[in-house]
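Since the structure comes first, as structure tokens, the remarks are kept for the end.
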Ligand code: CTP
Ligand code: MN
Ligand code: MN
Ligand code: MN
């Protein structure tokens, strides 16, 4: 179909990493709907379908105007037939029956609630759903066998499903900064993930830790973790040591999306700001983590002056910092699109450690994100425009 001359045709590049995607955009009604279908596809372990809906939503996020008619979509990439049907129905009827039915479905609601438990993935949630479980309390009531991560996920379920604010992220940042300076003076921390993209809230707080002198950062994580733990600041932590050098699959080709940095997935015990300063406990007065007595029993809001917050810490050598920063800033779709662009358009392989050029058979150095975009033949996209 030829584009009608009266409709202004706005075109977009095909890869999410070639576009600027701001946090706030003009098509939330459509993108929210498509992302419900993407999430549902994930629950059904249909990754291809899920990515297709996410790519369609991402294109709409990059549009500078609100879509009001199907003719405005002419020439836009990544809008498959299924996505177009959903968009058309919403534009014409105000809502999509498929999306409404998904939101109402017991399976979607249960999978959402169960995968909302830290440490519970789609496979476990799906097994539980088929056994008749619908919500976290069913997991406790039926006495499911849980690993330590899932136990923490259940215990702090409410807190961990309450968005982390920017103020809380900054407060965590001060604590991490203090810990890092105490165990390795000169080391630096960088806030990454969604907060670096300008999100006002997040599901966790992500930090990169490095030291300007290569090698100084080795085995830093256990020391940081001990410092935090000694002060009762950690409710849960799982540290994984660096496995980059022993990797057999080549540094730029980690399996899946996982990188091999020394990392720590943790839950911090963050003191809440006290509304009445006169009632604030004396500094240093408490150092034991007060753990909720029963599973799922976090106590009433009034009885607790702290909040459980998910924090990801990653230690990186200085030479890999720019790659790690690019890899951990996200969004997840933006990262996926960067790697797809690298492979398919540039015969390169990008990871959070390195960029390998298969044509020249060598690694390309990058000490800033800008350099990496240049190597990839892409225009630089600032973090605030990586909300693909
Ligand atoms: N990431 C990664 N390896 C992991 C987990 C995450 O490389 N094991 C990357 C993701 O690809 C993403 C970034 O780290 O680019 C941040 O991930 P995450 O915290 O899950 O998402 P955010 O974008 O920060 O969103 P949120 O606000 O929900 O935390
Ligand atoms: Mn389809
Ligand atoms: Mn995050
Ligand atoms: Mn994270």
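The values are calculated or read from the model by the stated rules, or taken from the named source; none is laboratory data. Being a predicted model, the structure only gives us computed values, none of them experimental. A quick note on method: Cβ atoms are made from the backbone with ideal geometry, for glycine too, and the neighbour counts reach across all protein chains shown.
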Note on the range 179-198: residues within 16 Å of ligand 4 (Cβ to nearest atom) and free of Cβ contacts under 8 Å to residues at least 40 places away in the same chain are 189, 191, 195
Among the residues that make up the range 74-90, is at least one of them surrounded by fewer than 19 Cβ atoms within 10 Å (Cβ to Cβ), within 29 Å of residue 146 (Cβ to Cβ) and without any contact (Cβ under 8 Å) to a residue 40 or more places away in the chain? no
Residue 191 meets each of (1) in a strand (DSSP E or B); (2) modelled with pLDDT under 95 with one exception, condition (2)
Checklist line | Residue within the range 159-178 that is in contact (Cβ under 8 Å) with a residue 40 or more places away in the chain, closer than 21 Å to residue 238 by Cα, part of a loop (DSSP other than H, G, I, E, B) and within 16 Å of ligand 4 (Cβ to nearest atom) present | finding: yes
Given (1) out of contact with any strand residue (DSSP E or B) (no Cβ under 6 Å at 6 or more places or on another chain); (2) within 16 Å of ligand 1 (Cβ to nearest atom); (3) assigned by TED's automatic domain parsing to the domain that holds residue 20, residue 61 misses just (1)
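Collect the residues in the range 230-243 that are over 23 Å from the mean Cα position of the chain (by Cα) and within 17 Å of residue 177 (Cβ to Cβ), keeping them in residue-number order. Spell out the reasoning first.
Taking the range 230-243 first, the residues over 23 Å from the mean Cα position of the chain (by Cα) are 230-232.
230, 231 - these are the residues of the range 230-243 that are over 23 Å from the mean Cα position of the chain (by Cα) and within 17 Å of residue 177 (Cβ to Cβ).
With the structure loaded, tell me whether residue 160 is more than 24 Å from residue 112 (Cβ to Cβ) and either surrounded by 15 or more Cβ atoms within 10 Å (Cβ to Cβ) or within 16 Å of ligand 1 (Cβ to nearest atom) (or both) or whether it fails that test. Step through it out loud before you land on a result.
Details: more than 24 Å from residue 112 (Cβ to Cβ): no; either surrounded by 15 or more Cβ atoms within 10 Å (Cβ to Cβ) or within 16 Å of ligand 1 (Cβ to nearest atom) (or both): yes.
For residue 160, the condition - more than 24 Å from residue 112 (Cβ to Cβ) and either surrounded by 15 or more Cβ atoms within 10 Å (Cβ to Cβ) or within 16 Å of ligand 1 (Cβ to nearest atom) (or both) - is not met.
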Every listed condition ((1) assigned by TED's automatic domain parsing to the domain that holds residue 34; (2) out of contact with any strand residue (DSSP E or B) (no Cβ under 7 Å at 6 or more places or on another chain)) holds for residue 122 save (1)
The residue from 52, 14 that alone is closer than 24 Å to residue 381 by Cα and within 16 Å of ligand 2 (Cβ to nearest atom) is 52
When restricted to 379, 371, the only residue closer than 26 Å to residue 199 by Cα, assigned to a loop (DSSP other than H, G, I, E, B), in contact with a helix residue (DSSP H, G or I) (Cβ under 9 Å, 6 or more places away or on another chain) and assigned by TED's automatic domain parsing to the domain that holds residue 326 is 379
Among residues of the range 199-208 being within 14 Å of residue 329 (Cα to Cα) and in a strand (DSSP E or B), the residue nearest to ligand 4 (Cβ to nearest atom) is 206
Restricting attention to the range 37-50, the residues that are away from ligand 1 (no atom under 16 Å from the Cβ), closer than 16 Å to residue 80 by Cα and buried (at least 17 other Cβ atoms within 10 Å of the Cβ) number exactly 3
Over the range 60-108, the set of residues within 20 Å of residue 12 (Cβ to Cβ), more than 16 Å from ligand 2 (Cβ to nearest atom), within 27 Å of the chain's Cα centre (by Cα) and not in a loop (DSSP other than H, G, I, E, B) is 60, 61
